[in-house]
1. I want to confirm something. Restricting to the range 169-185 and keeping residues that are touching a strand residue (DSSP E or B) at 6+ places or on another chain (Cβ under 9 Å) and among the polar types (S, T, N, Q), which single residue is surrounded by the fewest Cβ atoms within 10 Å (Cβ to Cβ)?
2. For the range 435-451, state whether one or more residues are free of Cβ contacts under 8 Å to residues at least 24 places away in the same chain, surrounded by fewer than 16 Cβ atoms within 10 Å (Cβ to Cβ) and within 24 Å of residue 421 (Cα to Cα).
3. Just to be sure before I move on: is residue 344 in the same structural domain as residue 145 (by TED's automatic domain parsing), crowded, with 21+ Cβ neighbours inside 10 Å and in contact with a His (Cβ under 6 Å, 6 or more places away or on another chain) in the structure I sent?
4. Scan the range 366-384 for residues that are within 17 Å of residue 339 (Cα to Cα) and of a type outside the set (Val, Ile, Thr) and report the count.
5. With respect to residue 273, determine if the residue is in the same structural domain as residue 490 (by TED's automatic domain parsing) and assigned to a strand (DSSP E or B).
6. Please tell me if residue 461 is farther than 30 Å from residue 229 by Cβ and either in the same structural domain as residue 329 (by TED's automatic domain parsing) or surrounded by 21 or more Cβ atoms within 10 Å (Cβ to Cβ) (or both).
7. Go through the range 327-363 and give me each residue that's among the small types (Gly, Ala, Ser) and closer than 13 Å to residue 307 by Cβ.
8. Could you run through the range 213-241 and say how many residues are in contact with a strand residue (DSSP E or B) (Cβ under 7 Å, 6 or more places away or on another chain), assigned to a loop (DSSP other than H, G, I, E, B) and either surrounded by fewer than 13 Cβ atoms within 10 Å (Cβ to Cβ) or of a type in the set (A, V, I, L, M, F, W, C) (or both)?
Amino acid sequence: MEIRFLYLKYTRNNLLRKKVPKPGCGYKFSALHRQRNGLWCGKKPTRRNLCHSSRRTHSGRVLVSSDTAANTQTVGSSSNSCRRLRHPFMASLVMPQKALLTLPSLPTKLRLKPICASMANARPDVRKEDIVIVGAGIAGLTTAVALQRVGIGSVVLEQAGSLRTGGTSLTFFKNGWKVLDAIGVGSELRTQFLELQGILVKSEYGRKLCSFKFKDEDESQEVRAVERRILLETLAKQLPPDAISFCSKLKNIERSENDGIMLKLEDESQISAKIVIACDGIRSPVAKWMGFRDPRYVGHCAIRGLGFYPNGQPFEPKVTYVYGRGVRAAYVPVSPTKVYWFVCFNSPSPGPKITDASILREETEKLVKDWPTDLLNIIKSTQDNTIIRTPLVDRWLWPGINPPASRGNVVLVGDAWHPMTPNLGQGACCALEDAVVLTKKLEQAMKFGTSSVEDAFRSYESERWPRIFPLTVRANFVGALLQLENPVVCSLRNNVLLPKFVRLGPMLEHTNFDFEPLNLDSV
């Protein structure tokens, strides 16, 4: 940072102003020269030699503004009365605009010495946005696309350097497809993924326990497994090229003086937003800022992957579940060449984070080593970059205990608000539902100005909570039932409960979801 020095020497009839070269520039001054000309170089001034006086002493204050060239004048005087300077001098300090340097009044009878005007680091520019979405995952991109469909722009902040294309696949039921159709991407995705016909349940020994067909229970049901990578890329293509800001990790969030939200990023840049929509996942820093605790570990971990068959996969288009004691697995055809699978097992703690694919593959094969060979073959055909291990967590939104879903003009969407276990296949579907419901509320509110945004967020929460809370609890109970280890209980489950009492229709009632259509005419 460039630093210039203003040196003032008051005499009876004139004002002397000089610039001193920076230390090390090659210029040298004798002590006598410094004393006579009021120069200082390299050492911090002390009170003793604060000024170099002439026959009269003066007190005053120097105001330096850097908007362009600042006018500088003395204000106040001693008993001898210092008249106002007739010719203000131009300040050449390099300072941010509107910066103001105030030098306090000098007491009389002090020797006027050179004054060193140093400046602090300039504050970075603040970028202003109307709507900022934190997180470019499924919830964040769906919300951005839905807002764009109704003519509302937004900026998406993503801490990674690109779309997070890792991971495996997600299962969407008819409620999820209804949202994808509403935002205009359903048709494109359908052409790339297989429609699943039903469910087959087996024991760990390969014995068939029960089977169902989706259309027999609900003619309107639609189930497909969708690759996360392709879903995110499809959503991102619907947005303007500069809508997603990568390498933008949120460091801090705070309320600003003008009722806006100040977002500070890791690179020290700042964004002032009127509305913030947090879609930053289960470890959401925005949710912590709003008072939410971390999601609760439910006692199970899952290893997942995507089997690849370049010459075509041999499986029927249905979901196949395999239930053991404390361990369960499933595999789902995704496309003509890919099959999604998972193995879920009990674990007293989440354990260390493991990313080595060979270790995860070995651990998985040990868990299901005596299980049907189809599952083992799929695991062996899995590419290393698709194998992941995740602890399962959820958050029960007890009324009156948890904070509300919004705070001022900040609101939570998807896993940032209501993480749930994947036992019902509704985590991603609920995030899609959140996006369209919130978009409709915001569209209505913004017609009346930002004063009604908080009311829109409260309306969004009141509409979504009665659906989210029961699904979270139900998914937890289903997972606990399927992870039982007691051999007697597992025998009753496999031989009595599943074949004689379980019906698919009641289990899929939660996929019935309606929402007010988006006003696409406003685009």
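The values are calculated or read from the model by the stated rules, or taken from the named source; none is laboratory data. Small disclaimer: the values here were computed from a predicted structure and weren't measured. Note that each Cβ is placed from the backbone with ideal geometry, even for glycine, and that neighbours are counted across all protein chains shown.
1. 171
2. Scanning the range 435-451 turns up no residue that is free of Cβ contacts under 8 Å to residues at least 24 places away in the same chain, surrounded by fewer than 16 Cβ atoms within 10 Å (Cβ to Cβ) and within 24 Å of residue 421 (Cα to Cα).
3. Criteria met by residue 344.
4. Selection size over the range 366-384: 9.
5. yes
6. Yes, satisfied.
7. Pass one, the range 327-363, residues among the small types (Gly, Ala, Ser): 329-330, 335, 347, 349, 351, 357-358.
Of everything in the range 327-363, those that are among the small types (Gly, Ala, Ser) and closer than 13 Å to residue 307 by Cβ turn out to be 329, 330, 335.
8. Adding up the residues that qualify gives 1.
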